[in-house]
Amino acid sequence: MSGEITGRTKLLGLIADPLAQARSPVLANASLARRGRASEHVLLPLQVAADDLEPVVAGLRRIATFAGAIVSMPHKETIVPLLDELSPEARLIGAVNVFRRDADGRLTGTTLDGEGFVAGLRAAGHDVAGKRILLCGAGGAGAAIAYALVKHGCASLAIENRTRLRAEMLAARLHDACPHGDVTIGFRPGDAYDVAVNATPLGMRDGDALPMTDAMLDAAALVADCVVTREITPLLDAARGRGRAVHGGLPMLEAQIELLLDFMGVAPGPALTGA
Ligand SMILES: NC(=O)c1ccc[n+]([C@@H]2O[C@H](COP(=O)([O-])OP(=O)(O)OC[C@H]3O[C@@H](n4cnc5c(N)ncnc54)[C@H](OP(=O)(O)O)[C@@H]3O)[C@@H](O)[C@H]2O)c1
């Protein structure tokens with residue numbers, strides 16, 4: 001799957017702890033191979049404990065062949081002050097899930113969870129522009145998804161979250177960033193939604209409660225889940241049982257891998273460049 005590693009091969013990383021269950025290295029290196037870029041870049045797992053993040057980032061900054069890294073738990077927020085520049089979405093959310101190293105050693109971070117979610121939906125034939133959306137969860141993924149939905153022109157966004165204050169704070173930040181967005185707090189019985197999205201971790205573990213009530217499921221035409229631990233989560237199973245269309249978490253991850261590689265400077269494949 002990997003190409004020939006030479007003195008010109010650029011290093012990409014996945015920085016996280018733990019890493020054993022991580023899917024990004026396999027997906028990213030497969031994408032590099034599909035793009036015909038597997039000898040130009042290779043992505044390796046970099047297991048970094050929370051206390052070691054600062055010296056590791058300082059060291060990566062000084063490696064000329066290091067091009068960037070995907071960032072996962074527990075570093076998504078603590079890495080922010082170690083970077084030189086942030087995208088508007090990373091500033092709004094206060095977290096990044098990727099950064100790139102420019103030739104002068106400057107490090108720029110962004111979060112692509114939201115763009116990945118929108119791209120995954122689009123790949124399945126669902127555009128978000130003009131859609132009424134219910135979002136359950138206002139954590140890192142939820143906030144990034146909320147920003148991307150408003151940015152891509154959803155008609156309305158209702159944010160439902162266990163901790164209401166967190167949803168209210170997210171809505172306020174969204175309003176500052178995108179004053180045109182129609183963002184409200186909480187599910188309102190009687191409202192209809194084109195898409196209902198689960199951006200909580202509920203469904204990752206056996207025995208988890210469902211993140212949506214029956215009334216929420218009945219109010220949505222399409223139910224989407226961010227959870228990737230299984231293709232059909234208990235939420236999607238319940239949604240199907242109530243006659244809803246469903247969309248799993250894997251398309252979000254797969255779409256995001258392409259966006260992450262683009263952001264770290266990997267060139268598209270020959271089919272895309274026409275070369
Ligand atoms: N498919 C993909 O590519 C992709 C990408 C990123 C994330 N994800 C998945 O998205 C999910 C959320 O990740 P995250 O990084 O956003 O996590 P996070 O930052 O920890 O946020 C978790 C959110 O879920 C809520 N929540 C947590 N436990 C809950 C419970 N027992 N009942 C009700 N609400 C609960 C939290 O509410 P409070 O505010 O009340 O704490 C918060 O809004 C995870 O399953 C993750 O694997 C998937």
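Within a 10 angstrom radius of the beta carbon, how do 175, 152, 180 rank from fewest other beta carbons to most?
Working: 175 14, 152 19, 180 7.
By the 10 Å Cβ count, ascending: 180, 175, 152.
Between helix 24-35 and the chain, what is the angle of the helix's C-alpha long axis to the longest principal axis, kept within 0 to 90° and rounded to the nearest 10?
Helix 24-35 sits at roughly 70 degrees to that axis.
Working from Cα positions, state the angle (0 to 90°, nearest 10) between the long axis of helix 113-123 and the longest principal axis of the chain.
Its long axis makes an angle of about 70 degrees.
What angle, in degrees between 0 and 90 and rounded to the nearest 10, separates the Cα long axis of helix 164-177 from the longest principal axis of the Cα atoms of the chain?
For 164-177 against the chain, the angle is about 70 degrees.
Translational D (Stokes-Einstein, µm²/s) of the stretch 110-253 at 37 °C and 0.692 mPa s when Rh comes from the Kirkwood sum over C-alpha pairs? The partial results should precede the final answer.
Numbers: Rh = 14.7 Å.
In µm²/s, the coefficient is 223.
Among 123, 141, 167, which one shows the biggest mean-square fluctuation in a GNM of the chain, springs joining Cα atoms closer than 10 Å?
Among 123, 141, 167, the largest mean-square fluctuation in the Gaussian network model of the chain belongs to 123.
List the relative contact order of the stretch 10-111 as a percent without decimals, with contacts defined as Cα pairs under 8 Å and 6+ residues apart.
Numbers: 176 pairs, mean separation 29.5, N = 102.
About 29 percent, as a whole number.
Rounding to the nearest 20 debye, state how big the charge dipole of the stretch 1-95 is about its Cα centre with +1 on each Lys and Arg Cβ and -1 on each Asp and Glu Cβ.
On the way: 10 positive and 10 negative charges, 99 e Å.
Approximately 480 debye in magnitude.
Would you look at the GNM of the chain, springs on alpha carbons closer than 10 Å, and say which of 228, 56, 183 moves the most?
Most flexible of the set in this elastic network: 56.
For a quick check: sort 77, 40, 160 by the number of other beta carbons within 10 angstrom, fewest at the front. All intermediate terms of the calculation are to be shown ahead of the outcome.
Values: 77 14, 40 17, 160 25.
By the 10 Å Cβ count, ascending, the order reads 77, 40, 160.
Run the dipole for the chain about the Cα centre, Lys and Arg Cβ at +1, Asp and Glu Cβ at -1, nothing else charged, and hand back the magnitude in debye, nearest 20.
On the way: 27 positive and 31 negative charges, 64 e Å.
With Lys and Arg at +1 and Asp and Glu at -1, about 300 debye.
Relative to 2.2 N^0.38 Å, what does the C-alpha radius of gyration of the stretch 10-111 come to as a ratio? Two decimals please. Could you put the intermediate results ahead of the total?
Numbers: Rg = 13.0 Å, N = 102, 2.2 N^0.38 = 12.8 Å.
Relative to the 2.2 N^0.38 Å estimate, the stretch 10-111 comes out at 1.02.
When the dipole is taken about the Cα centre of the stretch 139-195, and only Lys, Arg (+1) and Asp, Glu (-1) are charged at their Cβ, what size is it in debye, to the nearest 20? Intermediate values should be presented prior to the final figure.
Working: 6 positive and 6 negative charges, 43 e Å.
It works out to roughly 200 debye.
So which residue, out of 37, 173, 242, gets the largest mean-square fluctuation from a GNM of the chain using Cα contacts under 10 Å as springs?
242
Taking the beta-carbon count within 10 Å as an exposure proxy, list 24, 156 from fewest neighbours to most.
Values: 24 21, 156 18.
So the residues, fewest neighbours to most, are 156, 24.
For the stretch 135-191, what percent of Cα pairs sit more than 18 Å apart?
Details: 329 of 1596 pairs.
Cα-Cα pairs in the stretch 135-191 separated by more than 18 Å: 21 percent.
Give the lysines reachable from residue 131 as a straight Cα distance under 23 Å; neighbours fewer than 8 places away on the same chain don't count.
Leaving aside lysines fewer than 8 places away in the same chain, those within reach of residue 131 are 151.
I'd like to know which of 247, 212, 150 lies farthest towards the positive end of the charge dipole of the stretch 122-252, counting +1 on Cβ of Lys and Arg and -1 on Cβ of Asp and Glu.
Positive-most Cα among the choices belongs to 150.
Bear in mind that the values in this text are calculations on the coordinates, not laboratory data. Since this is a predicted model, take the numbers as computed values, not measurements. Neighbour counts are summed over all protein chains in view; Cβ atoms, including those assigned to glycine, are modelled from backbone coordinates with ideal geometry.
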